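To start, the structure under review is shown below, and the notes come after it.
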Amino acid sequence: MALLFDTHAHYDDEHFDADRDALLRGMREEGVGLILNPGCDEDSSRTAVALADKYDFVYAAVGWHPENCAPYKDASLDVLRELAKHPKVRAIGEIGLDYHWGENPPREKQHEVFRAQLALARELSLPVIVHDRDAHEDCLAIVSEFPNVRGVFHCYSGSAEMAKRLLDMGWYLGFDGPLTYKNARRAVETAQIAPLDRILIETDAPYLPPVPHRGERNDSSLVRLVAERLAQIKGVDTETVVAATAENGKRLFDI
Ligand code: NI
């Protein structure tokens with residue numbers, strides 16, 4: 001049996017404070033072989049690196065999430081550059097744009113922080129993990145300014161048309177719990193056209209639990225349900241999806 005690679009989980013999140021270590025120690029038994037923990041600001045990036053340092057199967061990304069980027073300043077990039085020297089930091093993320101909530105940082109600020117981090121990824125030859133919520137056109141336009149930078153559009157929520165453009169540009173697409181939801185028409189369409197060698201499976205734990213766990217805390221063991229749904233959509237067996245997505249993650253993040 002191939003082991004699952006959850007390429008997007010936030011174990012630095014306070015929802016795991018009570019049982020983080022017990023949960024992570026049990027992952028192998030749940031069939032999870034690798035986890036990538038992205039950072040969302042300076043503190044969470046530091047914690048992501050510390051977790052990667054502690055667990056051989058955990059890798060880290062460092063970055064400022066668009067929702068959290070209000071305190072970001074020029075010196076913040078130097079801290080990321082320093083943190084990225086750790087051998088288990090394999091990406092800059094999660095970075096991107098989020099226009100969903102009115103109280104999010106202004107768009108101009110989000111654009112500035114996104115561009116600065118894409119430039120850092122280019123400088124360090126690292127892939128990026130992109131968060132795009134209700135900002136599809138601007139995300140596509142800004143990543144297109146960095147033709148040498150590749151990565152994953154995490155929890156992909158754009159159109160199948162935009163997915164084709166990203167795939168042509170060499171990007172990967174991440175699928176999460178929402179793929180299992182009844183109203184997931186767009187994500188299903190995208191999963192149908194995306195080749196299996198360009199798909200990653202993710203939890204975004206503790207958020208976005210798949211069916212039938214909605215309303216509960218998500219964790220990496222539930223990424224199997226995303227693999228099962230993908231297998232159904234693509235008409236292959238789950239084992240094939242688990243093996244392919246793990247290989248894709250290792251290729252993208254150089255593991
Ligand atoms: Ni996330």
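Here are the numbers for this structure:
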quantity	calculated
Spin-label pair Arg115/Arg46, simplified geometry with 7 Å Cα→Cβ offset, distance in nm	2.9
Karplus-derived 3J(HN,Hα), 6.51/-1.76/1.60, for each residue of the stretch 202-212, Hz, glycine and proline x	9, 9, 6, 3, x, 9, 6, x, x, 4, x
Amide H partners (placed H, <5 Å) of Arg150, local residues excluded	Val128
Potential extension, His213-Lys164 segment - 0.36 nm per residue separation minus Cα distance	14.6 nm
Segment Asp237-Glu123, extension gain: residue separation times 0.36 nm, minus the distance between their alpha carbons	37.1 nm
5 angstrom amide H check on Leu36, placed H, neighbours 5+ away	Asp6, Thr7, His8, Ala9, Tyr59
Ranking of Asp237, Asp132, Asp98, Asp138 by count of other Cβ atoms within 10 Å, fewest first	Asp237, Asp138, Asp98, Asp132
Using a Förster distance of 25 Å, the FRET efficiency for Phe146-Glu247 (Cβ separation, nearest 0.05)	0.50
Order by protection proxy (mean Cβ within 10 Å, highest first), peptides 77-87, 157-167	157-167, 77-87
Farthest positive-ward along the chain dipole, Cα basis, beta-carbon charges - from Ile201, Ala91, Tyr11	Ile201
Within the chain, helix-based [θ] at 222 nm, where runs of 4 or more DSSP H residues each add -39,500 (n - 2.57), nearest 500	-12000 deg cm²/dmol
Tail fraction, Cα-Cα pairs, the stretch 4-252, threshold 32 Å, whole percent	14
Simple Cβ-charge dipole of the chain, Lys/Arg +1 and Asp/Glu -1, about Cα centre, in debye nearest 20	660
Spin-label zone in the stretch 111-143 - amide nitrogen under 11 Å from a point set 7 Å from the Cα of Asp74 along the C-beta vector	none
Proxy reagent accessibility, fewest Cβ within 10 Å first, across Met169, Met1	Met1, Met169
Surrounding net charge for Thr240, when Lys and Arg each add one and Asp and Glu each subtract one, Cβ distance under 13 Å	-4
Which of Met162, Pro212, Leu51, positive extreme of dipole for the stretch 4-252 (C-beta unit charges)	Met162
Residues Ile129, Ile255 arranged by fewest to most Cβ contacts within 10 Å	Ile255, Ile129
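Readers should treat all values here as calculations from the given coordinates under stated rules, not as data from a laboratory. The shown structure was predicted, so the numbers you read here are calculated from the model rather than taken from an experiment. Cβ sites come from the backbone with ideal geometry, for glycine too, and all protein chains shown count toward neighbours.
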